Amino acid sequence: MMENPSGPELDLQQELEETTKALREVTLMIEQSQGELSKLTQRNTAITAHLQQVQGQMDSMPPQEIRNAYDSALDAQQRLFVMRGQLEKLQAEKNHLERLKTVLERVQASPSNPASAPASGGAKSGTLASVEMLVNAQETERQRLSRQMHDGPAQALSNFILQTEIAMRLFDVDPAQAKEELNNLKSSAMGTFQKVRNFIFELRPMMLDDLGLVPTVRRYADAFKEQNSLDVTVTVTGNERRLEPYLEVMMFRALQELLGNAARHSQATQVKVMLDMGEDRVRVSVDDNGRGFDPDVVQQGGSLGLKLIRERAEMLGGNFEVDSAVGRGARITFAVPARS
């Protein structure tokens, strides 16, 4: 007689069922979004055809009607662009769920899973949790970057095209208005250029490879302060020097996560970063004056980013500490052995 699953085996089965259910729901949403995208594409085609007619009658049409036609085209393209972005996000979520489902199925089918090796159930459950956490963290970061590109530079570039077309058509009809459109386009382009530079810096700052951890942290803190209206100070002690590349990357990414958490969740107005370059250990402390939180959420999976920092620090032979309480800010510290 087959025994009912229990313990880690039951947790694994439940996770697989929930992932499968979520995958079905996302697939349905993708199908619905594709239908809506098709309708918007048809509407955009019709508006574009009308705009072409307007362009053929530029000399006989009032400037306001010409502007209205371009505004309608701009609105249609923006709606189409947003829907495509939403569809891309849904597709990314579907890809993530498919990968997670594959991982879960492989773990479930593995000879060493709890069903066939009860003694190693705890270890396998821990391995599963680590794999799932890593997959989720990677997909969360990809989705964040995707949203940044879609809501920032990509959207702006779409608008640039239409603004340029408007300015070109207005030159013969209303030169003053055309000049104003070009000035607006120049301002938008300068702002978007800065966003792209910030985006590239977050992806992989060249300073980290060229100059090392300390200059990169200082530069990033300055940029973060400007972008988030948050008072960020950096204090460096010890012997400033280059570390092993993988160690510099790990510590920089951890600082990015901690500063991002402070800006997004803590409602802090001030953040202090301490970087101690000791001879044997490198220690980082991020202290904010925000609303604080219950440290137990870290143990219970409430913060995937903090769990990853803890896990990576401990894997390197270091430690991770959280000192916080609701209403009194937070101090998060981690240290790793120094390897230069």
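The values are calculated or read from the model by the stated rules, or taken from the named source; none is laboratory data. This is a predicted model, so every value here is computed, not measured. In this analysis, Cβ positions are derived from the backbone assuming ideal geometry, glycine residues included, and neighbour counts consider all displayed protein chains.
Among the residues of region 312-340, those identified as in a helix (DSSP H, G or I) and surrounded by fewer than 16 Cβ atoms within 10 Å (Cβ to Cβ) are GLU314, MET315. Among residues of region 221-241 that are over 21 Å from ASP276 (Cβ atoms), those with a Cβ under 9 angstrom from a residue that is of a type in the set (Phe, Trp, Tyr), sequence gap 6+ or separate chain, pair up as ALA223/PHE201; LEU230/PHE224. Remark: pairs (first residue in region 63-86, at pLDDT 75 or above and part of a helix (DSSP H, G or I); second residue among the basic types (Lys, Arg) and crowded, with 16+ Cβ neighbours inside 10 Å; Cβ separation under 8 Å; 6+ apart in sequence or on different chains) = ILE66/ARG169; TYR70/ARG169.
Step by step: first the residues of region 223-242, then only those that are touching a strand residue (DSSP E or B) at 6+ places or on another chain (Cβ under 7 Å) and outside any strand (DSSP E or B), then the one that is surrounded by the fewest Cβ atoms within 10 Å (Cβ to Cβ). Which residue is that? The selected residue is ASN239. Residues in region 261-281 that are assigned to a strand (DSSP E or B) and in contact with a Ser or Thr (Cβ under 9 Å, 6 or more places away or on another chain) were compared, and the one that is nearest to ARG242 (Cα to Cα) is MET277. Just one residue in the set GLU36, GLU65, GLU105, GLU98 is surrounded by fewer than 17 Cβ atoms within 10 Å (Cβ to Cβ) and more than 33 Å from the chain's Cα centre (by Cα); that residue is GLU65.
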